[in-house]
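Rule-based calculations on the coordinates, nothing more; no lab input. Just so it is clear, the model here is predicted, and its values are computed rather than measured. Positions of Cβ are backbone-derived with ideal geometry, glycine not excepted, and every protein chain shown enters the neighbour counts.
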């Protein structure tokens, strides 16, 4: 079993329990038959759970972890139990080189703190940022970061997120000079906080970087597809991401009610069902699961705490693709390249 | 003409120009035939514009303003021109008692600064907050504030917003003890910034207030309808509001594409059209336009800068309803009542 195709999974994290995590891993394995897994958690419970997934059993190793990070544990508390929790041990598998990536549906703050302490940062980066690809009306997805790892950020953090987000867009979306924007509450220069205005000034001046700074975008431009990377602090990013998810669900629910409102609309719905099914699939957050911590010396993927089997499989598949693309090395090289030029 | 049924309109504010503002006012007047208007702006241009709206002419007075607040003017710049701009003069009509409310589609920061300086705050309130009613899946709309007037807020501001939002919900939604929540990036006690955690502690302790504190909600709960008031700083609120608007439009666009994807789905669409039209109407932000500055001694309504004729009419209608409900007096009385009890 090559370590470079092995993914460590925190089998105990997430709101929906071990069974959903295992079912998600089994589902992802069917899409990536070369992938091998290290399942970290309560050994007996995992062994029992694997009885339902004989195919996964043959491609997995179990590593026992006596403890679990709780969803309300503070990062500091979690750090003290890094060596005994399923989350901490999954990250350690990456550090030891036994796995190419770690995936967890657990507590974001704890995951970031543990990953940062264990894997350390790429030179020149102070804090990791949680980045995800979100769907747009354009040709490409958009990279949005930070999505909740850093509640408060200064201008320097925001600039580094822009640099990392651009590297992610170059390697993943295959763009030579990604268009990078800061999320703000208006497009005019004087809008927003001091941190955002200072970051804009610094990004405007950083003409040596392989990116195009596009200024500010507002919340309603997230899905326009006219920029490739949107940078924000983790608080705003989390609010935006969850508001987008909630609104998509809200509209889908209203649509369902509208279609049910008369016999005529029910008939119309049945006829156009294949089209609306496709839309439903496209909007389900479980089909966009798997955010990555950028800036670390190693791949750590955060799966949504409430992800179902499909969601977990999507996050594992995202991790598998990042492993295949050798994302960490390529981002570090990309960052190194322009730093050498700037020096 | 009774001053209590007169609305002052900043006819020059907004991205779409005077013609759209006048068309919006004319449209609103047809719904509220008792309403009278003071149109503030360039007298010649307004007179010309009114040629297309003879009915409105009969119910309007023009007050000349030589200047206009620009969309990128800083609040300080705007304040110095309060007496010569259409925005400043419209607010002054309320201060002088010549109008019961002012409506503007102009620059939010300037509008708040001018309104605050001219009308002053209700006793016990430090800053006005921009509040709007947003649609939910529940029985009632939800009051969300602040939506962009205060970029950064401390715990004391957030608590005051909660108190004002609850008063708005009691008077407008007719609820005895509105459920009030703080917008955050998780539901656990330790989540978010110091400001939010401190505000939560103070609201939990404030059991004498006629509201029920429901803790934290996340962005995906905005439209759930399980709380009546959602409180946040203006930065997060603006991001959430615009993300919700943008996502609703995004989903509507995807839906349009889905329906156009095959002959079969086109037929289904045509059959269920009345239902989807209703949904389109429900989701159009122009049908939810008109946010009010709470906390002022006078009614000032902010219309979306990009509002079309329908949007302007919705904002004017919202102002007309607030005038009819005597919102300012009722909120001040409501705040006074519990302060008397607390003392």
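Once the label point is placed 7 Å from Cα along Cβ, list for residue B:15 the distances to the corresponding points in the other copies, in nm, shortest first.
So the label point of residue B:15 gives 3.5 nm to the other copies.
So what is Rg over Rh here for segment B:127-288, counting just Cα atoms and using Kirkwood for Rh?
Here Rg/Rh amounts to 1.07.
Compute the Cα gyration tensor for segment B:206-305, then decide on rounded, prolate or oblate, letting a ≥ b ≥ c be the square roots of its eigenvalues: rounded whenever a/c is under 1.5, prolate when a/b is larger than b/c in the other cases, and oblate in all that remain.
Judged from the Cα gyration tensor, segment B:206-305 comes out prolate (a/c at least 1.5, a/b above b/c).
Sorted by packing (mean other beta-carbon atoms within 10 Å per residue), highest first, where do A:212-225, B:139-152 land?
Descending mean neighbour count gives B:139-152, A:212-225.
Under the rule a/c < 1.5 gives rounded, and otherwise a/b versus b/c splits prolate from oblate, where does chain B land using the Cα gyration tensor?
oblate
May I ask you to sort B:104, B:262, A:118 by Cβ crowding, counting other Cβ atoms within 10 Å and putting the fewest first?
B:262, A:118, B:104
Where does each of A:238-250, A:274-286 land if you order them by average Cβ count within 10 Å, highest first?
A:238-250, A:274-286
Summing -39500 (n - 2.57) over the DSSP H runs of n ≥ 4 in chain A and dividing by its residue number, what mean residue ellipticity at 222 nm do you reach, to the nearest 500 deg cm²/dmol?
-15500 deg cm²/dmol
Could I have the simple spin-label model distance between residue A:226 and residue A:51, label points 7 Å from Cα toward Cβ, reported in nm to one decimal?
5.9 nm
Compute for segment B:3-140: radius of gyration divided by Kirkwood radius, i.e. Rg/Rh, restricted to C-alpha atoms, rounded to two decimals.
Rounded to two decimals, Rg over Rh is 0.99.
With r as the distance between the Cβ atoms of residue B:208 and residue B:120 and R0 = 35 Å, compute the FRET efficiency 1/(1 + (r/R0)^6) and round to 0.05.
For R0 = 35 Å, the calculated efficiency reads 0.85.
Taking every DSSP beta bridge that has both residues in chain B, what percent is antiparallel when rounded to the nearest 5?
Beta bridges within chain B, antiparallel portion: roughly 25 percent.
What are the nm distances, shortest first, from residue A:201 to its equivalents in the other copies, labels at 7 Å along Cα→Cβ?
Copy-to-copy label distances at residue A:201, shortest first: 3.4 nm.
Please compute the average number of Cβ atoms from other chains found within 10 Å of each residue's Cβ in peptide A:248-260.
6
Take every DSSP beta bridge with both residues inside the protein assembly as shown and express the antiparallel ones as a percent of the total, to the nearest 5.
Just about 25 percent of them are antiparallel.
Sorting A:161, B:32 on the 10 Å Cβ count, fewest up front, what's the list?
Fewest-to-most ranking of A:161, B:32: B:32, A:161.
From the label point of residue A:287, set 7 Å from Cα along Cα→Cβ, how far away are the matching label points in the other copies, in nm, ordered shortest to longest?
So the distances to the same position in the other copies read 2.6 nm.
Ignore the peptide's own chain and count Cβ atoms of other chains within 10 Å of each Cβ in A:69-76; give me the average, rounded.
2
Determine, for A:271, A:7, the number of other Cβ atoms within 10 Å of each Cβ, and report the residues in order from fewest to most.
Exposure proxy ranking, most exposed first: A:271, A:7.
Quick check on the protein assembly as shown: take the gyration tensor over C-alpha atoms, sort the square-rooted eigenvalues as a ≥ b ≥ c, and tell me if it's rounded (a/c under 1.5), prolate or oblate.
prolate
Looking only at other chains, what is the average number of their beta-carbon atoms within 10 angstrom of each beta-carbon in B:216-229?
4
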